[in-house]
Amino acid sequence: MERTPLLTLEGIGKDYAATVLDGVSLSLQRGEVLALTGENGAGKSTLSKIVCGLVNPTRGRMTLDGQAYAPVSRRDAERQGVRMVLQELGLVPTLTVAENLLLGALPHTAGWLRRGEMAQRARAQLARIGLEDLDPWTPVSRLGIGHQQMVEIARNLHDDTRVLMLDEPTAMLTPRETDRLFEQVAQLVAAGVSIVYVSHRLEELQRIAHRVAVLRDGRLVDVLPMQGLREEELVERMIGRTLVEDNGRGRRPAGPVRLRVQGLARGKVVRPTSLELHGGEILGLAGLVGSGRTELLRLIYGADQPDAGSVELLPIDGGPARRWRNPVQAVKAGIGLVSEDRKAEGLLLPQSIRVNTTLSDLGAVSARGWLKPARESGLVQQLVKTLRVRCTDEEQPVAALSGGNQQKVIFARWLHRNCEVLLLDEPTRGVDIGARADLYSQLERMAAEGRALLVVSSDLRELMALCDRIGVMSGGRLVRTFERGQWTEQSLLAAAFSAAVPAEDATLSEPA
Amino acid sequence: MTSSASPSPTRTGALRSELATYLGLAAVLVAMVLLFSTLSDYFFSVETFIAIVNEIPALAVMAVGMTFVLIVAGIDLSVGSVLALSAALSATAILQWQWSVPAAALLGLGAGVLCGAVLGSVSVAFRLPSFIVSLGMLEVVRGAAYLVTDSRTQYVGERISWLAQPWLGNVSAAFVIAVLLVIVGQLVLTRTVFGRSVVGIGTNEEAMRLAGVDPRPIRIAVFALTGLLAALAGLMQAARLEAADPNAGQGIELRVIAAVVIGGTSLMGGRGSVVTTFFGVLIIAVLEAGLAQVGASEPSKRVVTGCVIVAAVIVDTLRQRRRGG
Amino acid sequence: MTSSASPSPTRTGALRSELATYLGLAAVLVAMVLLFSTLSDYFFSVETFIAIVNEIPALAVMAVGMTFVLIVAGIDLSVGSVLALSAALSATAILQWQWSVPAAALLGLGAGVLCGAVLGSVSVAFRLPSFIVSLGMLEVVRGAAYLVTDSRTQYVGERISWLAQPWLGNVSAAFVIAVLLVIVGQLVLTRTVFGRSVVGIGTNEEAMRLAGVDPRPIRIAVFALTGLLAALAGLMQAARLEAADPNAGQGIELRVIAAVVIGGTSLMGGRGSVVTTFFGVLIIAVLEAGLAQVGASEPSKRVVTGCVIVAAVIVDTLRQRRRGG
Amino acid sequence: ADKPKVALVMKSLANEFFLTMEQGAKAHQKENADKYTLVANGIKDETDTAAQIRMVEQMVAQKVDALVIAPADSKALVPAIKNAIDKGVLVVNIDNRFDQAALKEKGIKVPFVGPDNRAGAKLVGDALAKTLKSGDKVGIIEGVSTTFNAQQRTLGYQDAMKAAGVTVVGVQSGQWEIDKGNTVAAGMMREHPDLKALLAGNDSMALGAVAAVKAAGKTGKVAVVGYDNISAIKPMLQDGRVLATADQYAAKQAVFGIETALKALAAKTPQAQMPEEVKTDVVLVTKDSK
Ligand SMILES: Nc1ncnc2c1ncn2[C@@H]1O[C@H](COP(=O)(O)OP(=O)(O)OP(=O)(O)O)[C@@H](O)[C@H]1O
Ligand SMILES: Nc1ncnc2c1ncn2[C@@H]1O[C@H](COP(=O)(O)OP(=O)(O)OP(=O)(O)O)[C@@H](O)[C@H]1O
Ligand SMILES: [Mg+2]
Ligand SMILES: [Mg+2]
């Protein structure tokens, strides 16, 4: 019995306008972690959604525990023990944590909620993922995005789970929380649960996966044992080419100071913070979830109003310093922001790539208020080619692009604006290896042109590869700044944890 | 954003902030009462308040339904027509078909549920905004009310007036029913699976669907409920008039929506409260009563009403924003 | 995707699909004309079409503005009041203050812009839904119209009727202006930075703000524009009736919104077209003219109008969905 | 020593007819400031019966001595009036008569001071009929069809047309409004190209009909009559675009009601013993009047 797979997929295919998945056959053993990886748009999320009943396959069959398995809905799949943590957050912000955790199966007597039982069950589920301090009656809207992701995961940790699909669960988590998650995964595996784990972070796959399945353009190219697999091999299979990674380079020559931040503060989230950003350098910002990085970027950009402090841009020609109080003025001054939540804050989803790209500078594609369509299309086509955006053409709505390609469109927007200082918040979240390499080389090119870049990322390896300096935030403070060559993964992590542990975190409630 | 300089959100904190909301609206109300009391010698009197109390049930009952509709991110412009149809059908059943009063009342309520259910179903089945579907319903149902009454006010007489009669210390049964419905409505909204689903659907329908909650029957139920309450309002009004007027309730939808929004319920869905809606109803009722007693001219009534609506919403929004940070 | 079975949505593809939309709405229109032609011997005649053509300019002009408002995810319930105020002010200026006709017209238009700008500014400054602010405006501006005219219809006479006079082959200048405004409106929407920003703000305001486009002046401009167009509609109506009625345009906001939505513009913002709005206006105008000509009773007019509104929106939605896949 | 307090409750003060009525009342009060005080109120929408009832209740709460009311609905207001009478308020009915059966059921009597709309409409219709031949076709533009006065005026027009042997080819509602009246008039003229006249239930709709006649190029061929004699209709009467209208002396309607009430208050006449009906004048207004 032990040899029969728990879940098998045979010739699964899915067509939208185009074929997205084609002839994928896979099997999943009991108590196994199967990593699923591949470039953006390779079809990972689609495949996972088919397994858990959210998408109907066009072709193919599945079996679960030897029985034919064709879930008609997510409910149906969950009844059979197949659950999924979605790539995009699926929480309801106006409802409480407890309600979100039990959504779809709220305990009730004749329609009236049993609130005592709800609180108790919610606490038990939160405890599994290390959030025992969270009041179950907190509205989810008061949580930061990282904690929201944790709640999303906690929601799917049930005892009756047989198969758990995790679609990029760590994209918004910091190392500490990722560790928590991996502990939980290990426990589940020990209990015989099978896990499908989707991620672009290869080092994570090394840590927890037994086997890895690689998708490319909707086809399964390989299923390999993880043991002893070298990263370069994996990458090559994913993108069909090898990647050159140069970590040994020295610091770029730093130009004059371009952006000066002095004593910027807002509430408990950002304590008075000062920093200087030079032309031609990439400054990284590391830190745990809730350490205040996103808020700092928003304060710099003028998207939120600071309680204290100032920001100024020093023009390259030595003219008078420029200041701004809102994003509109910031953009005029020559600053751009790639925001953390691209769907809510970045993209016009139903609109085309073209419209989304030129948004940052409509003046460049218009004359006296009237748009120049030919000019605009030409410019955008150029950018689409440079960034290797996977799309039919520049008229495709961005809603139809995969997450990574959507990120490239936002990137294209700021390339179009040609701004002097770019603030990037988790620019490679959910972006595949190949596309990441494209984005990195763009960033480096921009730095080489003398622009100043400030990059927030939870991926330390990315920061270490990319940056000239790395600042570490903890508890709303910029606790330390490392020069290139001074840092190690350990020293960065130590700095990130340096504020009182547990991190002073406004999103958590005090213990009851 | 994780900006929150405020203390952590505990249970008692939530309760306190809810009370603060009530106090804010109550302050607006008290200010208005004081103002009118200085303007008119007789405003501040038991008679005035009893009169106000007995005037509001129909508006309050409709506002309870509209609160649910707005929370689920819908809107219902047809409540005024449904009010008229329900009264018209009941009156016709009593007068022409010799039905008993309870049976006729049930017919009126049933018609309301049906109108609401049809509105909800069409809007859900074709995924149309409820705004436009209810705009169509508004016309169709009004036409039906004309047809049923042959375009004439139907006088029924005292048989149906008990709902509106003074009862507990001069307060009518209709008012007691309205207050009970406000309480029950608030409990349903905050303490039942249905209520939480309504809030969830209004906030993020897709998330609810993914969580295995089918939004469609809930949406339909919300509209059916609103239809029922509009029909009940029709009966209350008919009881007060002892007659069914096929023109009743024209334009009342905007007053109802104004009351709900003044009470702080969001037009975008996902946020709202039945209790604060009741405050909105009181504010509108006091305003109308006060203006009538003062004997304001028609243009100035219009101007004052418009300004109060906007001002009340501004006050409410600013206060919420200050607390919300 | 590398494999693409379907043709890519290129510019010419987009054009084709736009034409398909027009054809769909045109089909609804033709069906209605045919229906009324069988019901009435005289419907299918040049006179009828000229009459319809000369009745619609006011509605069409307001619908152009409302299209922009809906695309920016707002709503404006005050257009009917603004229409009345503009006509009232102009008429009073001519009759009481002996202004010249052009000066009086400018005064009316200016009042419209002002009303719209105030509405937009209040809504933007306090971040209030335009629904509720415009509901307040509706009352205030109507009150102003009563004040200006002393609640009396002002008869002006032929001095102002030139706008509505037969001109090019019996078609009035007002109609020509309305058609020009539809064309210009569509060009502004699709071919200018302003139009692009309007669509973007309606789709995702926060994204626009972070991309460096300030949504506030654009929102205010959209409401001011709508106020201007409502005021122009007021002048057109006054010219046609040679009189300014302070009660004019009551409830017209819902007709205008119905026309825009029938034309396929989304109430949720971000999607819409001025040209298809014009088809919506034609559908409503043909319906009203047809029902009047057939001599339908008031109840059946109501029922038919309601059903046509819903049916037209359903047809439009289904067609769009089929094409959208 | 207290002067009596009289409340005047009307329908829409946005309507010129009632506005004139109110102004007449206010002018009267000013002249007789030593005799009584006045609170005047109207509702926003003529069909909003519920709002008018609220108004009556507020007036009772205000402890007025007499209530002069133009009811928005002849039946639905009766319970509210009964309540007022029970509280000792003297009630006088103007403009639109309460339903007799409803009053009887409540066991109350309310004096009516006002015009006969049907007779008034017949006057106007007769004046029009003089210009028509037997067999001619005419159309009637009714007010809000659910209202008693709209129905009465339509009946009066029909009486006159029948007497003259003229055919009424249609009755459609113009909702008392200028623009709706315009649409309906245009539709009727298209459907009946040989139409000879349009009879409008009030002057606003008559204004709309005049514009429709002009747009159809039939000025002088289709006659228009109205009702109420509002100020805007006067130039039309002069140049013949409107043939006739009726004047109910709006300014005096309320005054008659108030005087009836004051008389009864002074004489301490109980409600039940007041005169049942005081008919006020309706006169035909044409180009040649006055
Ligand atoms: N509803 C849909 N309609 C049309 N195309 C879709 C739809 N959903 C997904 N696709 C397409 O299917 C392809 C696979 O998408 P999928 O989300 O599965 O990729 P992924 O491997 O999860 O990518 P990422 O790493 O960026 O999350 C993409 O090219 C996407 O554009
Ligand atoms: N738009 C208008 N213009 C001029 N006069 C009007 C207008 N509307 C109503 N009136 C006047 O209002 C009075 C008519 O009242 P109305 O017809 O509304 O009473 P009613 O509602 O029919 O009574 P009920 O329906 O209870 O029998 C008339 O005296 C008429 O002159
Ligand atoms: Mg994915
Ligand atoms: Mg009536």
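Report, in debye and to the nearest 20, how large the dipole of chain D comes out about its Cα centre when Lys and Arg carry +1 and Asp and Glu carry -1 on their Cβ. Each step should come with its number before you reach the end.
On the way: 37 positive and 33 negative charges, 52 e Å.
So the dipole magnitude of chain D works out to roughly 260 debye.
Based on DSSP, what percent of beta bridges with both residues in chain D are antiparallel, to the nearest 5? Walk me through the numbers on the way to the answer.
On the way: 4 of 38 bridges.
Bridges in chain D are about 10 percent antiparallel.
Once Rh for region D:99-140 is found with the Kirkwood sum over Cα pairs, what is the Stokes-Einstein diffusion coefficient at 4 °C and 1.567 mPa s, in µm²/s?
Values: Rh = 13.5 Å.
Once the numbers are plugged in, D ends up at 96 µm²/s.
Please enumerate, by chain and number, the lysines with C-alpha under 28 Å from the C-alpha of A:LYS44, excluding those fewer than 8 residues away in the same chain.
The reachable lysines, counting only those whose Cα sits under 28 Å from A:LYS44, are A:LYS14, A:LYS343, A:LYS385, A:LYS408.
Average partner chain C-beta neighbours within 10 Å, per residue of C:306-319?
Details: counts 14, 5, 2, 8, 13, 1, 2, 8, 8, 1, 1, 5, 2, 0.
Mean partner shielding for this stretch: 5.
Which value, in debye to the nearest 20, gives the size of the charge dipole of region A:1-105 about its Cα centre, when Lys and Arg are +1 and Asp and Glu are -1 at the Cβ? Mind dumping the intermediate values first?
Numbers: 11 positive and 11 negative charges, 31 e Å.
Charge dipole, region A:1-105, about its Cα centre: 140 debye, nearest 20.
By the scheme Lys and Arg +1, Asp and Glu -1, what is the net charge of all other residues having a beta-carbon under 15 Å from that of C:VAL260? Present the calculation step by step, with values, prior to reporting the outcome.
Working: positive: C:ARG255, C:ARG271; negative: C:ASP76, C:GLU253, C:ASP316.
Net charge in that neighbourhood comes out at -1.
To the nearest 20 Debye, how big is the dipole of region A:29-69 about its Cα centre, given +1 on the beta carbon of each Lys and Arg and -1 on that of each Asp and Glu?
Values: 5 positive and 3 negative charges, 28 e Å.
Using only the charged Cβ atoms, the result is roughly 140 debye.
Could you list the square roots of 5 times each eigenvalue of the Cα gyration tensor of region B:256-325, that is, the equivalent ellipsoid semi-axes, sorted largest first and rounded to whole Å? Don't skip to the end; give the middle numbers.
On the way: eigenvalues 125, 32, 19 Å².
Semi-axes (√(5λ), whole Å): 25, 13, 10.
How crowded by other chains is B:68-81, given as the mean number of beta carbons from other chains within 10 Å of each beta carbon? Show your work: numbers first, answer last.
Working: counts 0, 0, 0, 1, 0, 1, 0, 3, 0, 1, 1, 0, 0, 2.
That works out to 1 on average.
Toward the positive end of the charge dipole of the protein assembly as shown, about the Cα centre and with charges on Cβ (Lys, Arg +1; Asp, Glu -1), which of A:THR357, B:ALA103, C:VAL261 goes farthest?
Highest projection toward the positive end goes to A:THR357.
Any idea how far the Cα center of region B:49-76 sits from the one of region B:281-299, in Å?
The two parts, judged by their Cα centres, are 18 Å apart.
Within the set of other residues whose C-beta is less than 13 Å from the C-beta of A:ARG323, count the net charge using Lys and Arg as +1 and Asp and Glu as -1.
Values: positive: A:ARG260, A:ARG322, A:ARG325, A:LYS332; negative: A:GLU312.
So the environment of A:ARG323 carries a net charge of +3.
Just counting partner chain Cβ atoms within 10 Å, what average do the residues of peptide C:181-191 show around their Cβ?
Working: counts 0, 0, 0, 0, 0, 0, 1, 2, 0, 2, 6.
Per-residue shielding by partner chains comes out at 1.
Report ³J(HN,Hα) in whole Hz for each residue of region D:173-184, in order, from the Karplus equation J = 6.51 cos²θ - 1.76 cosθ + 1.60 where θ = phi - 60°; Gly and Pro get x.
8, x, 6, 6, 9, 5, 6, 5, x, 4, 4, 5
State which entries of D:LYS30/D:LYS63; D:LYS218/D:LYS287; D:LYS162/D:LYS287; D:LYS3/D:LYS44; D:LYS35/D:LYS180 exceed 32 angstrom in Cα-Cα distance in the structure shown.
Working: D:LYS30/D:LYS63 21 Å; D:LYS218/D:LYS287 20 Å; D:LYS162/D:LYS287 24 Å; D:LYS3/D:LYS44 29 Å; D:LYS35/D:LYS180 44 Å.
Beyond 32 Å: D:LYS35/D:LYS180.
Would you mind finding the longest exposed-site-free stretch of chain A, with exposed trypsin sites (Lys or Arg not before Pro) meaning DSSP loop and at most 14 other Cβ atoms within 10 Å? Spell out each step's value before the answer.
Details: sites that count: A:ARG3, A:ARG114, A:ARG230, A:ARG241, A:ARG249, A:ARG251, A:ARG323, A:ARG325, A:ARG368, A:ARG388.
Longest site-free region, per DSSP loop and neighbour criteria: A:389-512.
Per the Kirkwood definition applied to all pairs of different Cα atoms, how many angstroms is the hydrodynamic radius of chain A?
24.2 Å
How high is the relative contact order of region A:90-159, in percent, with contacts defined as C-alpha pairs under 8 Å that are six or more residues apart? Write out the running numbers ahead of the final one.
Details: 71 pairs, mean separation 31.6, N = 70.
For region A:90-159, the relative contact order is 45 percent.
With a 10 Å cut-off between alpha carbons and a GNM built on chain C, which of C:LEU147, C:LEU138, C:LEU77 moves the most?
Ranking C:LEU147, C:LEU138, C:LEU77 by mean-square fluctuation puts C:LEU147 first.
Of the candidates B:VAL310, B:VAL53, B:VAL179, which one comes out as most mobile in a Gaussian network treatment of chain B with C-alpha springs shorter than 10 Å?
B:VAL310
Starting from the exponent 0.38 and prefactor 2.2 Å, build the expected Rg for region A:343-418 from its residue count and divide its actual Cα Rg by it.
Working: Rg = 11.4 Å, N = 76, 2.2 N^0.38 = 11.4 Å.
That ratio works out to 1.00.
Run the numbers on region A:309-437 and let me know its relative contact order in percent, using alpha-carbon pairs under 8 Å that are six or more apart.
On the way: 162 pairs, mean separation 40.8, N = 129.
Value for region A:309-437: 32 percent.
Which of D:GLU276, D:GLU259, D:GLU31 moves the most in a Gaussian network model of chain D with Cα springs under 10 Å?
Its mean-square fluctuation being the largest, the pick is D:GLU31.
For the protein assembly as shown, what is the mean residue ellipticity at 222 nm derived from helices alone (per DSSP H run of n ≥ 4: -39500 (n - 2.57); sum divided by total residues; nearest 500 deg cm²/dmol)?
On the way: 52 runs with 761 residues, N = 1452.
It lands at -17000 deg cm²/dmol.
Positive end of the charge dipole of the protein assembly as shown (Lys, Arg +1 and Asp, Glu -1 on Cβ, about the Cα centre): tell me which of C:ILE132, A:CYS391, B:GLY120 has its Cα farthest that way.
The listed residue farthest towards the positive side: A:CYS391.
How high is the relative contact order of region A:343-418, in percent, counting Cα pairs under 8 Å that sit 6 or more residues apart? Walk me through the intermediate numbers first.
Details: 86 pairs, mean separation 34.8, N = 76.
The normalised contact order for region A:343-418 reaches 46 percent.
Determine the percent antiparallel among the DSSP beta bridges restricted to the protein assembly as shown, to the nearest 5. Kindly include the intermediate steps, with their values, before the conclusion.
Working: 57 of 127 bridges.
About 45 percent, rounded to the nearest 5.
With every protein chain present, what is the per residue accessible area of region A:343-418 (1.4 Å probe, Å²)? Please list the in-between numbers first.
Details: 2860 Å² over 76 residues.
Normalised by residue count, the accessible surface of region A:343-418 is 38 Å².
The values are calculated or read from the model by the stated rules, or taken from the named source; none is laboratory data. Owing to the predicted nature of the structure, the values given are computational and were not obtained by experimental measurement. No Cβ is skipped: glycine too gets one built from the backbone with ideal geometry, and neighbour counts run over all protein chains shown. Note: areas computed on protein heavy atoms with side chains; ligands, DNA, RNA excluded. Shrake-Rupley method; radii C 1.70, N 1.55, O 1.52, S 1.80 Å.
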